[in-house]
Amino acid sequence: DTINETGLLVHSKCEFGKQLIKRVMESSACTKLIWGADADLTSLRHQIDLPNINSQRVIDVQLCFSEKTRRLGMGKMIENVRCVRPREVAMLPDKEREEYYFLPSTRNMQSTELPYTKEFVYYAMCDLHRIELILRTAHQDLLHSLEEVAEMTAEDIRRLDKAGAEVCCEFLRTESPYYENKWGLRRMEKTIQFARSVKHCRVACADQMTEDVDATLTEIEQLVAPDLEKLNVIVPDDLSFANRDTDFLQAEIFRLEEEKRQRFSYGNQVFRGGRGRGRGRGGGRGRGGRGRGRGREVQGRGIVNYHGKIAPGW
């Protein structure tokens, strides 16, 4: 009933780390539990700088509680667990990342750098505890048994060998409808992720290109092209990352904070792209924070029924 900093981080860029990951993931002697294994297994199998890892005996715990076509996020699942085990959940850091965590990714830079901070390591380790808490607490809510999910995950792994390009396209088709609903840093980060996924698929699965696959990849390229142009970012064909520029990132954070401050400087009722109803000082009601008083127009106060989105830096 305690949360300890238990776990092991393996550096996948060094040769020893690559071979250790390959040995563990390809071993049928131990079962690996992953939340949302589809992207991880695809990356291990087809990532250009990894030794073609063919994972074995993996259970995608996410599929115990949701369907492939509508996956339940770990953050939402943990909120369900909080009702039963509030003390243990309170000991874990918030699942949401800090506000500017995704900023390097929006410029095709690696999101983290060595040496890792203690806070980052602890956050990564806590995913192990989250999976443990979910399985210990919500086992009565299983949609599929562990045995069923093990076979479903094994089938996904077999498909990666035969139809890696189609698996990639399924991911892109599933995620693309949510793209237009994203904004700010999350949208920029997803832009780079899509661009990298498309180029990776064209390189790693060149022998699996069909008309349907090519059409899907072309559609995603056209979807993100305007945003890539705004970002002024080019993803190289070899998928190399841009050098991490700390001074540039700090300047970007300052710029985004300044934009945020200016956006709120005109009062609570002023939002970019927002729309709401406010009550005027004269007792009247109006739209967008402007109220109509009896016989005259007055300035409204406060935020009421706001439906728009604030898009910092976008």
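The values are calculated or read from the model by the stated rules, or taken from the named source; none is laboratory data. None of the values given here were measured: they were computed from a predicted structure. All Cβ positions, even for glycine, are placed from backbone atoms using ideal geometry, and neighbour counts span all protein chains on display. In case anyone asks, the SASA skips ligands and DNA or RNA and just uses the protein heavy atoms, side chains included. Shrake-Rupley method; radii C 1.70, N 1.55, O 1.52, S 1.80 Å.
Considering only segment 10-46, state which residues are touching a His at 6+ places or on another chain (Cβ under 8 Å) and under 22 Å from PHE194 (Cβ atoms). Before the answer, list the steps.
Our first condition is that a residue be touching a His at 6+ places or on another chain (Cβ under 8 Å); within segment 10-46, this holds for 17, 46.
HIS46 - this is the single residue of segment 10-46 that is touching a His at 6+ places or on another chain (Cβ under 8 Å) and under 22 Å from PHE194 (Cβ atoms).
Check segment 1-11 and report whether any residue there is touching an Asp or Glu at 6+ places or on another chain (Cβ under 7 Å), at negative phi and of a type in the set (A, V, I, L, M).
Checking segment 1-11: at least one residue is touching an Asp or Glu at 6+ places or on another chain (Cβ under 7 Å), at negative phi and of a type in the set (A, V, I, L, M).
Could you say whether any residue in segment 49-59 is at pLDDT below 95, within 20 Å of TYR122 (Cα to Cα) and open to solvent by 60 Å² or more (accessible area, probe 1.4 Å)?
Taking every residue of segment 49-59 in turn, none turns out to be at pLDDT below 95, within 20 Å of TYR122 (Cα to Cα) and open to solvent by 60 Å² or more (accessible area, probe 1.4 Å).
If I ask for residues that are open to solvent by 30 Å² or more (accessible area, probe 1.4 Å) and part of a helix (DSSP H, G or I), which ones from segment 12-37 would you list?
GLU15, PHE16, LYS18, GLN19, LEU20, ILE21, LYS22, ARG23, VAL24
Identify all residues within segment 53-72 that are in contact with a Leu (Cβ under 9 Å, 6 or more places away or on another chain), under 16 Å from SER27 (Cβ atoms) and among the polar types (S, T, N, Q); write none if there are none.
ASN54, SER55
Do we have LYS68 as under 26 Å from LEU133 (Cα atoms) and open to solvent by 60 Å² or more (accessible area, probe 1.4 Å) here?
In short, yes.
Within segment 1-28, how many residues turn out to be more than 25 Å from LEU114 (Cβ to Cβ) and either at pLDDT 95 or above or not hydrophobic (A, V, I, L, M, F, W, C) (or both)?
First, the residues of segment 1-28 that are more than 25 Å from LEU114 (Cβ to Cβ): 1-3, 26-28.
Still in the list and also either at pLDDT 95 or above or not hydrophobic (A, V, I, L, M, F, W, C) (or both): 1-2, 26-28.
Matching residues across segment 1-28 total 5.
Being in a loop (DSSP other than H, G, I, E, B) and open to solvent by less than 50 Å² (accessible area, probe 1.4 Å) is the filter; apply it to segment 86-95 and report the residue that is nearest to ARG130 (Cα to Cα). Steps first, answer last, please.
Step one: of segment 86-95, the residues in a loop (DSSP other than H, G, I, E, B) are 91-95.
Subsequent filtering for residues that are open to solvent by less than 50 Å² (accessible area, probe 1.4 Å) retains 92-93.
Numbers: LEU92: 8, PRO93: 10 Å.
Out of the qualifying residues, it is LEU92.
Give me the pairs: first residue in segment 110-134 and under 27 Å from VAL233 (Cβ atoms), second residue aromatic (Phe, Trp, Tyr) and open to solvent by less than 80 Å² (accessible area, probe 1.4 Å), beta-carbon distance under 8 Å, and six or more apart or on different chains, which are they?
SER111/TYR101; SER111/PHE102; THR112/PHE120
Here's a check for you: in segment 167-197, which residue that is at pLDDT below 90 and charged (D, E, K, R) is farthest from the chain's Cα centre (by Cα)?
GLU170
Return yes when ASP40 is in contact (Cβ under 8 Å) with a residue 40 or more places away in the chain, open to solvent by less than 80 Å² (accessible area, probe 1.4 Å), at negative phi and not basic (Lys, Arg) and no when it is not.
Against the criterion (in contact (Cβ under 8 Å) with a residue 40 or more places away in the chain, open to solvent by less than 80 Å² (accessible area, probe 1.4 Å), at negative phi and not basic (Lys, Arg)), ASP40 does not qualify.
Taking the conditions exactly as written (surrounded by fewer than 14 Cβ atoms within 10 Å (Cβ to Cβ), out of contact with any His (no Cβ under 8 Å at 6 or more places or on another chain) and either under 30 Å from GLY164 (Cβ atoms) or of a type outside the set (Gly, Ala, Ser) (or both)), does THR216 satisfy them or not?
no
Would you confirm, using the coordinates I've provided, whether ASP127 is touching a helix residue (DSSP H, G or I) at 6+ places or on another chain (Cβ under 9 Å), among the charged types (D, E, K, R), at pLDDT below 90 and surrounded by 14 or more Cβ atoms within 10 Å (Cβ to Cβ)?
So ASP127 fits the description; yes.
For segment 48-67, enumerate the residues that are without any contact (Cβ under 8 Å) to a residue 40 or more places away in the chain and assigned to a loop (DSSP other than H, G, I, E, B).
Result: ASP49, LEU50, PRO51, ASN52, ILE53.
In segment 223-259, which residues are under 23 Å from GLU98 (Cα atoms), open to solvent by 50 Å² or more (accessible area, probe 1.4 Å) and part of a helix (DSSP H, G or I)?
THR246, ASP247, PHE248, GLN250, ALA251, PHE254, ARG255, GLU257, GLU258, GLU259 - these are the residues of segment 223-259 that are under 23 Å from GLU98 (Cα atoms), open to solvent by 50 Å² or more (accessible area, probe 1.4 Å) and part of a helix (DSSP H, G or I).
Of everything in segment 150-182, what is buried (at least 16 other Cβ atoms within 10 Å of the Cβ) and either in contact with a Phe, Trp or Tyr (Cβ under 6 Å, 6 or more places away or on another chain) or of a type in the set (S, T, N, Q) (or both)? Give them in sequence order.
Within segment 150-182, THR153, SER176 meet the criteria.
Does GLU98 satisfy the criteria of being acidic (Asp, Glu), assigned to a helix (DSSP H, G or I) and either open to solvent by less than 70 Å² (accessible area, probe 1.4 Å) or free of Cβ contacts under 8 Å to residues at least 12 places away in the same chain (or both)? Lay out the reasoning, then the answer.
On the way: acidic (Asp, Glu): yes; assigned to a helix (DSSP H, G or I): no; either open to solvent by less than 70 Å² (accessible area, probe 1.4 Å) or free of Cβ contacts under 8 Å to residues at least 12 places away in the same chain (or both): yes.
Criteria not met by GLU98.
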